[in-house]
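A quick write-up on the structure given underneath.
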């Protein structure tokens, strides 16, 4: 297969390009500097000749999107739609990477793939619009929502926590936000497997199984860094007010995998244990 990966310079994009190359696929790695996904002509030229387009490009500065929603919309919605339209034109399948922020974050049980969208932030609104644009523009699509990503290829929560813990000897981390820490290597593997398996068009949740609070994840990170997890103190979201509201509950359900005959990602703790030496190196 011939794959086009947009956002290839990002944390997920790097791992996906690496994963596909290892499997012998022909991969075009299009980093932000090489492809402006809001440029219709450039997008059409880039997609032509590929069998699969994976859109890892995104405006991910959640707080900045609150005051720059139009700019975020250009990347997260308009750009996604242009890629999907070009994919349909050239007979390619598109994979749109989306986010838990499309939900309201107030549930108490995992959000199903067909759950109602109710984003509470500008970032969430633009990503929800991107999902809509992809579905409307290309029937042969996979929307893969993810959350709490970490990896070796860029800044992420574990790296920050380990650094701050070493520098300060202790830190406060919110315990009232719950989600699924997910390694970019695992998400890249899942995307590749979904496409190769010919998974039915639709929406999938690309997160680890299980659930943890940021505080619990931080304790696991500090322990992996060789420090005492007790130096991570629990606090509440009220102590860390941010411009964009954070979901209190970001646990996503994985029922669609069974229907597609594709295995999901393992429990977050076990996957972190495998990932930690690489991510914290």
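The values are calculated or read from the model by the stated rules, or taken from the named source; none is laboratory data. Because the structure is predicted, anything quoted here is derived from the model rather than measured. Positions of Cβ are generated from backbone atoms using ideal geometry, with glycine treated the same way; all protein chains shown enter the neighbour counts.
Taking region 17-59 as the region of interest, how many residues are part of a strand (DSSP E or B) and on the phi > 0 side of the Ramachandran plot?
Matching residues across region 17-59 total 0.
Just name the residue that is nearest to residue 154 (Cα to Cα) out of those in region 262-277 that are touching a strand residue (DSSP E or B) at 6+ places or on another chain (Cβ under 9 Å) and in a helix (DSSP H, G or I). Full working, then the answer.
The first filter runs over region 262-277 and keeps only residues touching a strand residue (DSSP E or B) at 6+ places or on another chain (Cβ under 9 Å), leaving 262, 264-269, 271-272, 274-275.
After this cut, where a residue has to be in a helix (DSSP H, G or I) as well, the list is 268-269, 271-272, 274-275.
Details: 268: 19, 269: 21, 271: 18, 272: 16, 274: 18, 275: 14 Å.
The selected residue is 275.
Can you tell me which residues in region 60-72 are over 17 Å from the mean Cα position of the chain (by Cα) and assigned to a loop (DSSP other than H, G, I, E, B)?
Filtering region 60-72 for residues over 17 Å from the mean Cα position of the chain (by Cα) gives 64, 66-71.
The answer is 67, 68.
Looking at (1) more than 21 Å from residue 144 (Cα to Cα); (2) touching a residue at least 12 places away in the same chain (Cβ under 8 Å), which is the one condition that is false for residue 223?
Looking at each condition in turn, residue 223 falls short on (2).
What's the total number of residues in region 73-95 that are surrounded by fewer than 20 Cβ atoms within 10 Å (Cβ to Cβ) and assigned to a loop (DSSP other than H, G, I, E, B)?
Within region 73-95, residues that are surrounded by fewer than 20 Cβ atoms within 10 Å (Cβ to Cβ) and assigned to a loop (DSSP other than H, G, I, E, B) number 2.
Here are some conditions: (1) exposed (fewer than 15 other Cβ atoms within 10 Å of the Cβ); (2) modelled with pLDDT of 95 or more; (3) not in a strand (DSSP E or B). Residue 233 meets all but one. Which one does it not meet?
(3)
It is to be established whether one or more residues within region 246-255 are part of a helix (DSSP H, G or I) and more than 26 Å from residue 277 (Cβ to Cβ).
Residues of region 246-255 that are part of a helix (DSSP H, G or I), as a first pass: 255.
Applying the additional criterion that residues be more than 26 Å from residue 277 (Cβ to Cβ) yields 255.
There is at least one residue in region 246-255 that is part of a helix (DSSP H, G or I) and more than 26 Å from residue 277 (Cβ to Cβ).
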